[in-house]
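Q: Dumping the structure here so I can ask a few things about it.
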Amino acid sequence: MSFTTVFRTFAMLLAIFAISTTGTPTKSFAKSKFVFANSSPYDTLDPHVIYDVGRVASRLNMYDGLMRWLDNPPKLTPWLAESYDISSDGKKYTFKLRKGSTFHDGSPIEAKDVVYSIERILALKKGAFSLFSKSLEPGSTKAPDAHTVVFNLKKPSSIFLATVPAIHVVNSDLLKSKEVNGDWGGVWLSKNEAGSGSFELTRYDPAVGFQAKRYANHFMGWGDKYLDEIEFRTVKEINSRVLGLMNGDFHGTDGYLPQDQVKRLAADDNMNVMEEESMRIFYSIIHNGRKPFDDVNLRKALSYAFDYDSFINNILSGSVARNPAPVPNNIWGNPKDEKGYTFDLEKAKEHLAKVKQPIPEITIGALTGYGQTEQAAALLQNGLSKIGVKSKIVSEPWSVASKKMRDEQQMYDLLWLWRSTYYADPNNWIGEMYACDQIGARNNSWYCDPEVDKLLMEARVEPDQAKRAANYKKAAKMVTDDAGGIFVYNTKWFGPYNKKVKGVRFSPIGNAQEMRWVHME
Amino acid sequence: MVLIINRSLWFVPTLVGLMIITFTISHIIPADPVAFFAGENATNEQIEELRARYGFDKPLHIQLINYLIGVTQGDLGVSIYTQRPISEDLLSRLPATMELTFMAVLLSTVVGIPLGVIAAVYRNTMFDHVLRVITVSGLAIASFWLAILFQLLFAMELQITPLQGRIDGWGPEVITGFFLIDSIIAGDFDSFMNAAAHLVLPTLTLAFPAMATIMRFTRAGVLDAINSNYVLYEQAMGFPSRIIIWKYVLRNALIGTVTQIGLVFGILIAGTVVVEAVYDWPGLGLYAVEAILNSDYNAIMGFTLITGAFFIIINLIVDIIQGVIDPRN
């Protein structure tokens, strides 16, 4: 290899570099195309396998359900169903389907598709399965005619209706033709879609995201302002999402960015940051089933030892709303007059003095990669040290914590985390977090108070919402008085969008990712 | 030839050893991928049933044996998250990582070797000192931070490179999966330029520490060779210094550098985990990050297997090249 050869090669590479950089094509979007940068990967498109908020866009935009949660506070709205009826015993739910609704391949949406969809959820045992596993038996849902679906519940349920939006209706004929070895078309549906939603899939790459075009024949019809195309791309890094938004690569990104990034975007002339109170409460589980945490005085001491104001106003810059009870502020059933606990070390010491059992070093759990949980753990540790209680912080990934949470022995003494919205009913929070029948599953506090449990069980079957609300309010106050957990705040959503983006509708269930009302100006 | 046969015989045992280590480590971590995948709303019965469906209820050694049997039959298992075969997910992402890694190796080699030679020839001059600062920086600066700096400077401030991604839009029709090659095959010059532009920042980020390593090794090798007797003889014979350096010294000095390039290749593949995350590069690195965070065991094993095999092959090639360039052969 001569020097000349090396030099020429080097020069050639530099030339390619120079040409490629100066030749960077300017980004140009069609006016009606919207690009969203998402933090979660779209590793599958199957609507019955996933049920997280991070990947909700593929479900909301390409699939419809009988009912839909809209706006904030969320309102349950008939969607593919034009009407519904609940039997007097609360066990039979009958839905009448709209006529003329079609899947993306043009075939009509019929009751058999709804039946197939719920049977598929029950068979796969993934995604939203847990919402229906205790209320529906496989084979119990019937289609007496093409436009009537009847859900026959095992026992009366007042929360079933709230979970119906999770039944995303798939094209049964299409999926049956794609089944391989009894997989319910799972492999095919992971990379394709069989829906009827406002947008139909045009391109998908698990490593990149998905692209979809407007479905002109959607049953809801279209006004004169809409998007022709949507694209949801996976962008893992927060900084890359923010820079991409400022750079014009994207038109929107997730609404739970750190506050410094929200402020950075809000200061940009091309950005519009929307603000909504969501339904995602931040709290610390206390292991009520373990000694000495079964003593209410110790739990109260812990609750008084946390500096709520510093956490909310200093660490989180006031970007959240104080939520002192295990029900979000903005849903019915929240005890509005509940003030909760304040940071009061004197009261903490008073309660601590009443604890008869020896207090060991307390293990405070936090989630690795979720800075707020680690900050909250450190703040609580600081408070505890001031009242003479030793503690240690154990920060572990969610995949580890989610295992320990289900094991009474392995569970941390305390664990900081959020409770998200799976369906907008108080049962989603207090009804699962503190019900005796959920211990070890969704009740990770091992809290079981007969009186609270009675209120929660009644609320699960009581059809009258006013009566249910009264039960939840009373139960929430009792759990708070009992210091069943340390309840801190309800999340606010700060949705950053390019100023050209109009018509965004936020709902805590979908986090504003349903695009059918969005348009570009 | 003996070397190639010898190395090839070690290929399978090395990979099996790698898989056993990775399998053991990934399963010893007290994570529960099924509980994680099923979600916080899942019932315990649901989790147990899913665990049995995916074979996670079996003893660890049985799981390992089943996995190894599957691998011998070309079955890397199924991801519990995507429901797709791991091999399908890996193959769809491999070209993106390979394209980036090849470009980084090419850039670091083509820049690193000449600069290393020049630094040795002009040792202890200002030029050498400046290069030393650059190489130390290359080794010391974290790729994550460097990537963000590059984004802020080139994409945001100067606006001469794309910020992230592999191409605007969805790229040319996939033939090889290498966008540069596919766009040439398709005769699509715009896509070629677009893909090349997107490669610039990730390549620079990935190549910078590798270039520093190669430069240091080349410099050391050249300095070592310059002081040998045969160079003294060639100088006494009146050979021009250009010929001595680039023809005789470099050939000897490169033996160590070539070994280093092989190692650098492996380091670069590992480095893509960070670089791909920052630049949103849809390759194996990003896939590995997700797999680790989700404790998706089959995906972790698949990634390890494919990168391990690649690393072994590259080092075999390096051994062959060494044999070719070694003047003593």
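Q: Mind checking whether some residue in the range B:150-161 is more than 9 Å from chain A (Cβ to nearest Cβ), assigned to a helix (DSSP H, G or I) and in contact with a helix residue (DSSP H, G or I) (Cβ under 9 Å, 6 or more places away or on another chain)?
A: There is at least one residue in the range B:150-161 that is more than 9 Å from chain A (Cβ to nearest Cβ), assigned to a helix (DSSP H, G or I) and in contact with a helix residue (DSSP H, G or I) (Cβ under 9 Å, 6 or more places away or on another chain).
Q: Could you please find all residues in the range A:101-142 being closer than 14 Å to A:Asp64 by Cα and part of a loop (DSSP other than H, G, I, E, B)?
A: Across the range A:101-142, the qualifying residues are A:Ser101, A:Phe103, A:His104, A:Ile109, A:Glu110.
For every residue, the table says whether it meets (1) away from chain B (no Cβ under 13 Å); (2) under 30 Å from A:Asn38 (Cα atoms).
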site	(1), (2)
A:Ser135	no, no
A:Ala143	yes, no
A:Val150	yes, no
A:Leu153	yes, no
A:Pro156	yes, no
A:Ala166	no, yes
A:Ala216	yes, yes
A:Ile230	yes, yes
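Q: Additional query: Is it true that some residue in the range A:236-243 is at pLDDT 95 or above and not hydrophobic (A, V, I, L, M, F, W, C)?
A: no
Q: Something else about it: Hey, could you check the range B:181-210 for residues that are within 18 Å of the chain's Cα centre (by Cα), within 12 Å of chain A (Cβ to nearest Cβ) and aliphatic (A, V, I, L, M) and say which is farthest from B:His129 (Cα to Cα)?
A: The qualifying residue farthest from B:His129 (Cα to Cα) is B:Leu199.
Q: Would you mind finding the one in B:Val136, B:Val110 that is hydrophobic (A, V, I, L, M, F, W, C) and over 18 Å from the mean Cα position of the chain (by Cα)?
A: Just one listed residue meets the conditions, B:Val136.
Q: Further question: Determine whether the range B:114-134 contains at least one residue that is of a type in the set (Asp, Glu) and within 29 Å of B:Val231 (Cβ to Cβ).
A: yes
Q: Filter the range B:166-180 for residues that are at the interface with chain A (Cβ under 10 Å from one of its Cβ atoms) and modelled with pLDDT under 90 and give the result.
A: Hits for the range B:166-180 are B:Asp168, B:Gly169, B:Trp170, B:Gly171, B:Val174.
Q: If a residue counts only when it is touching a residue at least 24 places away in the same chain (Cβ under 8 Å) and surrounded by fewer than 21 Cβ atoms within 10 Å (Cβ to Cβ), which helices (runs of 4 or more DSSP H) contained entirely in the range A:418-519 have at least 1 such residues?
A: Those helices (runs of 4 or more DSSP H) span A:450-461, A:465-481.
Q: Given (1) within 29 Å of B:Val34 (Cα to Cα); (2) crowded, with 21+ Cβ neighbours inside 10 Å, identify the lone condition not met by A:Val149.
A: Against the list (1) within 29 Å of B:Val34 (Cα to Cα); (2) crowded, with 21+ Cβ neighbours inside 10 Å, A:Val149 comes up short only on (1).
Q: Would a scan of the range A:168-187 turn up a residue that is at pLDDT 95 or above and under 21 Å from the mean Cα position of the chain (by Cα)?
A: yes
Q: Follow-up. Only one of these is under 30 Å from A:Ser39 (Cα atoms) and either part of a helix (DSSP H, G or I) or under 29 Å from the mean Cα position of the chain (by Cα) (or both): B:Val258, B:Val278. Name it.
A: On the way: B:Val258 fails: under 30 Å from A:Ser39 (Cα atoms).
That would be B:Val278, the only listed residue that is under 30 Å from A:Ser39 (Cα atoms) and either part of a helix (DSSP H, G or I) or under 29 Å from the mean Cα position of the chain (by Cα) (or both).
Q: Right, A:Ser190: in contact with a Pro (Cβ under 9 Å, 6 or more places away or on another chain) and either within 25 Å of A:Val235 (Cβ to Cβ) or touching a residue at least 24 places away in the same chain (Cβ under 8 Å) (or both) or not?
A: Numbers: in contact with a Pro (Cβ under 9 Å, 6 or more places away or on another chain): yes; either within 25 Å of A:Val235 (Cβ to Cβ) or touching a residue at least 24 places away in the same chain (Cβ under 8 Å) (or both): yes.
It is true that A:Ser190 is in contact with a Pro (Cβ under 9 Å, 6 or more places away or on another chain) and either within 25 Å of A:Val235 (Cβ to Cβ) or touching a residue at least 24 places away in the same chain (Cβ under 8 Å) (or both).
Q: Now, a different point. Working only within the range A:126-141, note down all residues that are basic (Lys, Arg) and either surrounded by fewer than 20 Cβ atoms within 10 Å (Cβ to Cβ) or touching a Cys at 6+ places or on another chain (Cβ under 7 Å) (or both).
A: Selection gives A:Lys134 alone.
Q: What is the one condition in (1) over 16 Å from A:Lys492 (Cα atoms); (2) in contact with a helix residue (DSSP H, G or I) (Cβ under 9 Å, 6 or more places away or on another chain) that A:Tyr283 does not satisfy?
A: (1)
Q: At least 2 residues that are at pLDDT 95 or above and touching a Lys or Arg at 6+ places or on another chain (Cβ under 9 Å) in each: list the helices (runs of 4 or more DSSP H) lying fully within the range A:333-416 that qualify.
A: The helices (runs of 4 or more DSSP H) meeting that bar are A:345-353, A:371-386.
Q: Out of B:Ala236, B:Ala212, report the one residue that is at pLDDT 85 or above, at negative phi and surrounded by fewer than 16 Cβ atoms within 10 Å (Cβ to Cβ).
A: Going through B:Ala236, B:Ala212 in turn, the sole match is B:Ala236.
Q: Looking at this structure, is A:Ala476 over 23 Å from the mean Cα position of the chain (by Cα) and among the small types (Gly, Ala, Ser)? If you could, list the steps in order and put the result at the bottom.
A: Details: over 23 Å from the mean Cα position of the chain (by Cα): no; among the small types (Gly, Ala, Ser): yes.
Considered against the rule, which asks whether it is over 23 Å from the mean Cα position of the chain (by Cα) and among the small types (Gly, Ala, Ser), A:Ala476 comes out as no.
Every residue, every condition in (1) closer than 30 Å to A:Ala401 by Cα; (2) hydroxyl-bearing (Ser, Thr, Tyr); (3) part of a loop (DSSP other than H, G, I, E, B); (4) within 13 Å of chain A (Cβ to nearest Cβ), yes or no:
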{"residue": "B:Pro282", "(1), (2), (3), (4)": "yes, no, yes, yes"}
{"residue": "B:Tyr287", "(1), (2), (3), (4)": "yes, yes, no, yes"}
{"residue": "B:Leu293", "(1), (2), (3), (4)": "yes, no, no, yes"}
{"residue": "B:Met301", "(1), (2), (3), (4)": "yes, no, no, no"}
{"residue": "B:Thr304", "(1), (2), (3), (4)": "yes, yes, no, no"}
{"residue": "B:Thr307", "(1), (2), (3), (4)": "yes, yes, no, no"}
{"residue": "B:Phe311", "(1), (2), (3), (4)": "no, no, no, no"}
{"residue": "B:Val318", "(1), (2), (3), (4)": "no, no, no, no"}
{"residue": "B:Gln322", "(1), (2), (3), (4)": "no, no, no, no"}
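Q: Also, quick follow-up: Residues that are within 14 Å of chain A (Cβ to nearest Cβ), at least 1 per element: which helices (runs of 4 or more DSSP H) completely within the range B:1-105 meet that?
A: It comes to B:2-28, B:33-38, B:44-53.
Q: Can I ask one more? Counting only residues that are outside any loop (DSSP other than H, G, I, E, B) and surrounded by 22 or more Cβ atoms within 10 Å (Cβ to Cβ), which one in the range A:232-242 is nearest to the other protein chains (Cβ to nearest Cβ)?
A: Filtering the range A:232-242 for residues outside any loop (DSSP other than H, G, I, E, B) gives A:232-234, A:238-242.
Still in the running and surrounded by 22 or more Cβ atoms within 10 Å (Cβ to Cβ): A:232-234, A:240-242.
Working: A:Phe232: 13, A:Arg233: 8, A:Thr234: 7, A:Ser240: 5, A:Arg241: 9, A:Val242: 10 Å.
Ranking the candidates gives A:Ser240 first.
Q: Looking only at the range A:440-451, which residues are at the interface with chain B (Cβ under 10 Å from one of its Cβ atoms) and in contact with a Phe, Trp or Tyr (Cβ under 7 Å, 6 or more places away or on another chain)?
A: Listed by number, the list is empty, since nothing qualifies.
Q: Only residues in the range A:244-260 that are within 10 Å of another protein chain (Cβ to nearest Cβ) count as the first member; pair them with residues that are part of a loop (DSSP other than H, G, I, E, B) and surrounded by fewer than 22 Cβ atoms within 10 Å (Cβ to Cβ), Cβ under 6 angstrom, at least 6 apart or cross-chain, and list the lot.
A: Pairs that qualify, where the first residue is within 10 Å of another protein chain (Cβ to nearest Cβ) and the partner is part of a loop (DSSP other than H, G, I, E, B) and surrounded by fewer than 22 Cβ atoms within 10 Å (Cβ to Cβ), are A:Met246/A:Asp268; A:Gly248/A:Lys27.
Q: Now for a separate question. Right, B:Trp145: in a helix (DSSP H, G or I), within 14 Å of another protein chain (Cβ to nearest Cβ) and surrounded by fewer than 22 Cβ atoms within 10 Å (Cβ to Cβ) or not?
A: yes
Q: Would you confirm whether or not the range A:192-199 contains a residue that is under 30 Å from A:Asp71 (Cα atoms), modelled with pLDDT of 95 or more, hydroxyl-bearing (Ser, Thr, Tyr) and outside any helix (DSSP H, G or I)? Break it down stepwise before answering.
A: If we filter the range A:192-199 for residues that are under 30 Å from A:Asp71 (Cα atoms), which is where we start, we get A:192-199.
Pick out the ones that are also modelled with pLDDT of 95 or more and you get A:192-199.
Add one more test, that the residue is hydroxyl-bearing (Ser, Thr, Tyr), and what stays is A:196, A:198.
Filter once more, keeping what is outside any helix (DSSP H, G or I): A:196, A:198.
Yes, because at least one residue in the range A:192-199 is under 30 Å from A:Asp71 (Cα atoms), modelled with pLDDT of 95 or more, hydroxyl-bearing (Ser, Thr, Tyr) and outside any helix (DSSP H, G or I).
Q: Of the residues B:Ser137, B:Ser108, which is within 13 Å of chain A (Cβ to nearest Cβ) and modelled with pLDDT under 95? Give the derivation first.
A: Details: B:Ser137 fails: within 13 Å of chain A (Cβ to nearest Cβ).
Going through B:Ser137, B:Ser108 in turn, the sole match is B:Ser108.
The values are calculated or read from the model by the stated rules, or taken from the named source; none is laboratory data. Because the structure is predicted, anything quoted here is derived from the model rather than measured. Cβ sites come from the backbone with ideal geometry, for glycine too, and all protein chains shown count toward neighbours.
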